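Novice: Quick one: structure below, then a few questions.
Derivation of every value follows stated rules applied to the coordinates shown; laboratory data play no part. A quick note: this is a predicted structure, and the numbers were derived from the prediction, not measured. Here the Cβ positions follow ideal geometry from the backbone for every residue, glycine too, while neighbour counts run over all protein chains shown.
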Amino acid sequence: MLRLPWFDYRAPRTVAEAAKILAGEGPQAMLIAGGTDLLPNMKRRHQTPKVLVSLRGISSLKGISNGSAVNFGSGLSLTEIVQHGKTPVALRQAAAQVATPHLRNVGTLGGNLCLDTRCTYYNQNYEWRQAIDFCLKKDGDTCWVATASKRCVAVSSTDTAPALIALGASVVLVSSSGSREVKLEDLYRNDGIEYLSRKPDEVLTEVKIPSGWKSTYWKLRRRGSFDFPILGVAVALKMQGDVIEGARVALGAAASRPFLVDKAGEYLKGKKLTDDVIAEACAMIASRAKPMDNTDMDLYWRKEVADDFAGYALRELRGDDMRETRLRIARYAV
Ligand SMILES: Cc1cc2nc3c(=O)[nH]c(=O)nc-3n(C[C@H](O)[C@H](O)[C@H](O)COP(=O)(O)OP(=O)(O)OC[C@H]3O[C@@H](n4cnc5c(N)ncnc54)[C@H](O)[C@@H]3O)c2cc1C
Ligand code: SF4
């Protein structure tokens with residue numbers, strides 16, 4: 001049995017109190033929301049905080065407001081996100097495919113956005129990692145995926161981030177010295193170790209999602225019942241009749257960060273979703289998917305199917321009936 005190490009547990013009631021504790025404790029403290037990512041990581045000694053600052057008792061992180069944008073508190077569970085009537089489609093589809101029902105009841109939106117990156121050589125217990133002399137991401141000197149690399153290329157595996165990036169979301173980060181709002185795509189860095197631009201003393205409090213976009217999320221994973229994504233394709237379109245006024249395409253699980261495929265978004269603007277336009281956009285999207293050999297399934301195949309998944313997304317937004325394909329792939333008719 002894997003046991004948790006000892007830690008101090010702090011239970012603030014406000015964001016200001018949580019931020020103050022983080023600032024006072026420094027790098028030995030970490031936030032914990034649902035704990036569905038952090039606690040397994042602590043058991044495997046990936047992350048070794050001495051102090052956990054719980055967000056569970058902070059009721060303001062559970063807020064939902066709805067005006068020209070839908071604002072979700074970072075402490076809402078993924079189940080609450082799935083069930084809320086104003087949740088944009090891509091976000092609902094992404095959240096509904098995270099983990100299992102139990103984990104979605106506990107896991108939060110904020111925790112999902114700040115999820116640790118993953119790798120075959122890292123997501124193992126301590127003894128397994130010790131047997132390979134650890135790796136660059138934790139306790140070692142070598143990256144076993146790219147031995148000449150000085151950078152860890154562990155994979156961003158959050159489902160909701162690509163969906164929210166496509167939707168043009170931004171997040172609010174609060175520390176004891178103030179607050180700032182950043183576009184969600186700027187929260188991420190293409191570095192498997194320092195994968196967030198969030199400062200250690202900042203609490204992600206809120207996710208702001210502009211309205212008026214049609215959106216969809218397609219997830220590749222081995223098992224439909226539950227599995228981390230090995231590719232996520234999210235597309236959001238703003239339509240003027242059948243002409244595309246705005247387009248945002250984001251890829252997940254294809255690098256150490258989820259990212260926008262700007263070229264495809266630009267290309268789609270002003271066009272109608274004909275078969276030729278879809279094929280051209282898919283080629284642009286697939287060319288940006290450069291998966292590494294550090295997660296499930298064959299990397300060449302994962303790269304190949306990026307084109308298909310982009311096509312599913314665009315055809316679904318065109319209005320094609322993709323229910324059968326979605327059910328076959330996602331095992332969910334969401
Ligand atoms: C078996 C299994 C399968 C899973 N499958 C998937 C999957 O398919 N897709 C997927 O995306 N995830 C998956 N997960 C991971 C996890 O369950 C979810 O990502 C969940 O949403 C994490 O949220 P949490 O609240 O539990 O995060 P926690 O574990 O509490 O925290 C995760 C990280 O975020 C930080 N954090 C949490 N909240 C905040 C905040 N408000 N501000 C700043 N930092 C914060 C923590 O310090 C920690 O570093 C899976 C987990 C398990 C165990
Ligand atoms: S990509 Fe390399 S450094 Fe990063 S977790 Fe994997 S083996 Fe370790």
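Novice: Please give the charge dipole size of segment 214-330, origin at the Cα centre, charges +1 on K and R Cβ atoms and -1 on D and E Cβ atoms. Round to the nearest 20 debye. Show your work: numbers first, answer last.
Specialist: On the way: 21 positive and 18 negative charges, 80 e Å.
Dipole of segment 214-330, to the nearest 20 debye: 380 debye.
Novice: In square nanometres and to one decimal, what's the mean projected area of the convex hull around the Cα atoms of segment 200-253? Before the final figure, lay out the partial values.
Specialist: Details: hull surface 24.2 nm².
Result: 6.0 nm².
Novice: Can you put 100, 36 in order of Cβ neighbours within 10 angstrom, beginning with the fewest? Display every interim value, and only then the final one.
Specialist: Numbers: 100 11, 36 22.
Least to most surrounded, the residues fall as 100, 36.
Novice: I've got another one for you. At a Cα cut-off below 25 Å, give the lysines reachable from residue 86, other chains included and same-chain residues fewer than 8 away excluded.
Specialist: The reachable lysines, counting only those whose Cα sits under 25 Å from residue 86, are 62, 183, 208, 214, 219, 238.
Novice: Fully extended, how many nm does the chain gain between residue 197 and residue 325 (0.36 nm per residue separation, minus their Cα-Cα distance)?
Specialist: Details: separation 128, 0.36 × 128 = 46.08 nm, distance 3.65 nm.
That pair, residue 197 and residue 325, stretches by 42.4 nm at full extension.
Novice: Taking only C-alpha pairs under 8 Å that are 6+ residues apart, what is the relative contact order of segment 214-330 in percent?
Specialist: On the way: 199 pairs, mean separation 30.1, N = 117.
Taking the mean separation of contacting Cα pairs over the length of segment 214-330, I get 26 percent.
Novice: In what sequence do 120, 216, 147 fall when counting other Cβ within 10 Å, fewest first? Each step should come with its number before you reach the end.
Specialist: On the way: 120 15, 216 24, 147 8.
The fewest-first ordering by Cβ neighbours comes to 147, 120, 216.
Novice: Relative to the present Cα-Cα distance, how much length would full extension add between residue 275 and residue 120 at 0.36 nm per residue of separation?
Specialist: Details: separation 155, 0.36 × 155 = 55.80 nm, distance 3.76 nm.
Length difference between fully extended and current span is 52.0 nm.
Novice: Can you give the extra length, in nm with one decimal, that the chain gains between residue 211 and residue 60 once fully stretched, where that is 0.36 nm per residue apart less the Cα-Cα distance? Don't skip to the answer; put the middle values down first.
Specialist: Working: separation 151, 0.36 × 151 = 54.36 nm, distance 2.23 nm.
Contour length minus the Cα-Cα distance gives 52.1 nm.
Novice: Which residue, 273, 167, 204, tops the fluctuation ranking in a GNM of the chain built on C-alpha contacts under 10 Å?
Specialist: So, out of 273, 167, 204, the one fluctuating most is 273.
Novice: Next question. Okay, which of segment 103-133 sit inside 11 Å, backbone N to the point 7 Å along the Cα-Cβ direction of residue 139?
Specialist: 124-133
Novice: Among 299, 22, what is the fewest-to-most ranking by other Cβ atoms within 10 Å?
Specialist: Numbers: 299 15, 22 24.
So the ranking, lowest neighbour count to highest, is 299, 22.
Novice: How large is the translational diffusion coefficient of segment 61-210 in µm² per second when you combine the Kirkwood radius over alpha carbon pairs with Stokes-Einstein at 37 °C and 0.692 mPa s?
Specialist: Working: Rh = 16.5 Å.
Result for D is 199 µm²/s.
Novice: Rg (Å, one decimal) plus Dmax (Å, integer) for the alpha carbons of segment 214-330?
Specialist: 13.7, 43
Novice: Given R₀ = 25 Å, what would the calculated FRET efficiency be for residue 146 paired with residue 48, taking r from the Cβ atoms and rounding to 0.05?
Specialist: 0.50
Novice: Now, a different point. Before anything else, pin down the relative contact order of the chain: Cα pairs under 8 Å, at least 6 apart, normalised by residue count, whole percent. Kindly include the intermediate steps, with their values, before the conclusion.
Specialist: Numbers: 734 pairs, mean separation 53.7, N = 334.
The value is 16 percent.
Novice: Between segment 236-278 and segment 97-174, how many Å separate their Cα centres?
Specialist: Here the two parts' Cα centres lie 26 Å apart.
Novice: Something else about it: Take the alpha carbon atoms of the chain, find their radius of gyration, then divide it by 2.2 N^0.38 Å using N residues; give the quotient. Display every interim value, and only then the final one.
Specialist: Working: Rg = 19.6 Å, N = 334, 2.2 N^0.38 = 20.0 Å.
Rounded to two decimals, the normalised Rg is 0.98.
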